[in-house]
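Notes to accompany the following structure.
The values are calculated or read from the model by the stated rules, or taken from the named source; none is laboratory data. Computed from a predicted model, the values in this text were never measured in an experiment. For neighbour counting, all protein chains shown are included, and Cβ atoms are generated from backbone atoms with ideal geometry for every residue, glycine included. Surface areas here come from the heavy atoms of the whole protein model, side chains and all, with no ligands, DNA or RNA. Shrake-Rupley method; radii C 1.70, N 1.55, O 1.52, S 1.80 Å.
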Amino acid sequence: MNIHSLRGFRDLLPPESTLFACIEASAREVFALYGYQEIRIPTIESKELFVKSTGDTTDIVEKEMYAFTDQGGREVAVRPEGTPGVVRAYIEQNLSQSGRNGKYFYIGNMFRAERPQAGRYREFTQIGAEYIGNASPFADAETITLLVRLLEKAGLPGLSVEINSLGCGECRKSYREILLNHLKANIATLCEPCKNRIDRNPLRALDCKIDGPALAEKAPKLTLCAPCAEHFDRTRTLLKSSGVEFTVNLNMVRGLDYYTRTVFEVKSSALGSQDAVAGGGRYDDLVKSMGGPQAPAIGWAMGVDRVAMLLKDKAPATAPAVFVIAASKEAQDAAFKILGELRAQNISADFSNLELSLKSQLRSADRSGAVIAVLLGEEEVRNSVCAIKFLKEKREQQIVPAAGLITELKQILGNAPTP
Ligand code: HAM
């Protein structure tokens, strides 16, 4: 067989898979502190959902979406991001009437046919948060603080938070013309895709992966209307009082069409060119534009693959506490029974192959990282005892009565460092 995984898709093996699980578990704890509840949305949705929400001038929809016609002739897409699905569920399930606080988190794999490189995959995991139904700057400050606390809890060092405001439809109306004129005057410096889409969405040129940073640097800046300026001001004040350090980056536009007002990104210089660990922003008009009620919202998503890259030296070692070995054929069934009894008592236990030689089983025990090996031979079974061998420093062996094995192990393991 010569079948390989696809380019940009990968297997997550231990210890990286364990690291993913730890990041997700610590995120769940922080979400609970902030009143967020989990939402699980479908992996495949109608293509139109992403075209209308993520936006038809975005790279994601124009070039990166895995879209196809299904067996029923429907145009569908594998989700490139979570926000559209959450918004669809909010409208379809009438969640504005649920009486709850509109705070949802999700953990799931997303798919974008981008050019793969370190930290950029075609299938990747996002942990995302959406807070729907609160227009006030308190929601902005809380949502960004939540993200920062969550990354801190995961153990991430050296992060920087950047924020900006993209204003509302009103402030953007006149800015659109000013920016379009500027881009047209500099049309020769634009890449082909940008040349083709500036009329439809001039803002997109500023986050183009090819020439975006240079363009954004020189482009005229948006002037916020008074309510948007006040919202941005309040958000910054509240963030400061929450102890969140940030810088304002007036060049940040973000690569999705639905944003209004506050946008933000968390970056790590240790990641190289794919330096965004997380990003998000306010989307006050999206729910309504998708056919729902007027429901201002804000959210973010973080790339778990990128967080795991930054934490790769901290991947927790996983090892059983006890390794069970049968030293003779007659002891195999008794050894297998002990494995079950240990697990029933919440003691993690493993074995290799009870039919292999003692030497081979001992080698596996050492490799497993277990604290203790329990050895059973014909004589031990006959005398209703077990041999316990310490696999760490002292490596000594002692005999204990089979009836007292669990108590003895609990006592030893209670004192032993967790593997
Ligand atoms: P986004 O900036 O497209 O936002 O993605 C958020 C994060 O997902 C990025 O900062 C990055 O860490 C990770 N990410 C994106 N693409 C890849 C990739 N190809 N490989 C690995 N990691 C990747 C969103 O997706 C919005 N839905 C965020 C949001 C929620 N805005 C409001 N609510």
For the range 101-126, how many residues meet the condition of being more than 10 Å from the ligand (Cβ to nearest atom), among the polar types (S, T, N, Q) and under 14 Å from F20 (Cβ atoms)? 1
Looking only at the range 127-148, count how many residues are of a type in the set (S, T, Y) and more than 11 Å from the ligand (Cβ to nearest atom). 2
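Would you check if E130 is within 23 Å of A276 (Cβ to Cβ) and assigned to a loop (DSSP other than H, G, I, E, B)?
Working: within 23 Å of A276 (Cβ to Cβ): yes; assigned to a loop (DSSP other than H, G, I, E, B): no.
No; evaluated as a whole, the condition is false for this residue.
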Some residue of the range 163-175 being assigned to a helix (DSSP H, G or I), within 34 Å of the chain's Cα centre (by Cα) and surrounded by 15 or more Cβ atoms within 10 Å (Cβ to Cβ): yes
Which residues, counting only those in the range 399-419, are modelled with pLDDT under 95 and closer than 23 Å to K359 by Cα? P419
If only one of L151, L95, L156 is in the same structural domain as R261 (by TED's automatic domain parsing), modelled with pLDDT of 95 or more and within 15 Å of the ligand (Cβ to nearest atom), which one is it? L151
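Test E29 against the stated conditions and say whether it is at pLDDT 95 or above and either in contact with an Asp or Glu (Cβ under 6 Å, 6 or more places away or on another chain) or on the phi < 0 side of the Ramachandran plot (or both). Walk me through how you get there before you give the answer.
Working: at pLDDT 95 or above: yes; either in contact with an Asp or Glu (Cβ under 6 Å, 6 or more places away or on another chain) or on the phi < 0 side of the Ramachandran plot (or both): yes.
So E29 passes the test.
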Among (1) in a helix (DSSP H, G or I); (2) away from the ligand (no atom under 16 Å from the Cβ), V324 falls short only on (1)
Conditions: (1) within 26 Å of F50 (Cα to Cα); (2) open to solvent by less than 10 Å² (accessible area, probe 1.4 Å); (3) within 16 Å of the ligand (Cβ to nearest atom). R197 meets all but one. Number of the miss? (3)
Which count do you get for residues in the range 243-255 that are open to solvent by 20 Å² or more (accessible area, probe 1.4 Å) and in contact with a helix residue (DSSP H, G or I) (Cβ under 7 Å, 6 or more places away or on another chain)? 4
Which residues, taken from the range 273-294, are open to solvent by 40 Å² or more (accessible area, probe 1.4 Å) and either in contact with a strand residue (DSSP E or B) (Cβ under 6 Å, 6 or more places away or on another chain) or at pLDDT 95 or above (or both)? D275, D285, K288, S289, M290, G291, P293, Q294
Run down A301, A297, A270 and say which single residue is open to solvent by 50 Å² or more (accessible area, probe 1.4 Å), closer than 29 Å to E217 by Cα and under 25 Å from the mean Cα position of the chain (by Cα). A270
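Got a sec? Which of A270, A308, A317 is over 30 Å from A403 (Cβ atoms), in a loop (DSSP other than H, G, I, E, B) and either outside the structural domain of L146 (by TED's automatic domain parsing) or not β-branched (V, I, T) (or both)?
Values: A270 fails: in a loop (DSSP other than H, G, I, E, B); A308 fails: in a loop (DSSP other than H, G, I, E, B).
Checking each option against the conditions leaves just A317.
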